[in-house]
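A short worksheet on the structure shown next.
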Amino acid sequence: DRPADLRRRLTTGRLLVRVVGDGTAYLETARAFDRAASIEAGALIVTLRAPERETPGLVRALVGAGADVLEVRPEIPPLEDVYLHLLAGGLPS
């Protein structure tokens, strides 16, 4: 498969959400979607079970709480991690 497709199949459901200013002001809003939501390097880290379905609601909730959202992107593993995963036993189906 193509590298981009392999990476997508190994996504973790983790989203990195960057907002203007201090993201901790929106941590409680993010925790409505993921109780373990946290801040890493200034970005909100939120893990969603169904990112394609839940991401729009998360963004709406953050904006509704006053956040100016700069970026929302899924955490995509580096190609090296994909390769090591393949060597360790293959991709999940």
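A short reminder: the numbers here are calculations on the coordinates, not readings from a lab. Remember, it's a predicted structure, so these values are computed and weren't measured experimentally. In this analysis, Cβ positions are derived from the backbone assuming ideal geometry, glycine residues included, and neighbour counts consider all displayed protein chains.
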Next on the checklist: Place a point 7 Å from the Cα of residue 85 along the Cα-to-Cβ direction; which residues of region 33-61 have their backbone N under 20 Å from it?
Outcome noted: 45-55
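Report the trypsin sites (Lys or Arg not before Pro) located in region 18-64 that are in a DSSP loop and have at most 11 other Cβ atoms inside 10 Å of their Cβ, or state none.
When the trypsin sites (Lys or Arg not before Pro) of region 18-64 are filtered for loop state and at most 11 Cβ neighbours within 10 Å, 35, 49 remain.
How long is the gain from residue 60 to residue 76 if the chain were fully straight, where each residue apart is worth 0.36 nm and the alpha carbon distance is subtracted?
On the way: separation 16, 0.36 × 16 = 5.76 nm, distance 2.27 nm.
Between residue 60 and residue 76, full extension yields an extra 3.5 nm.
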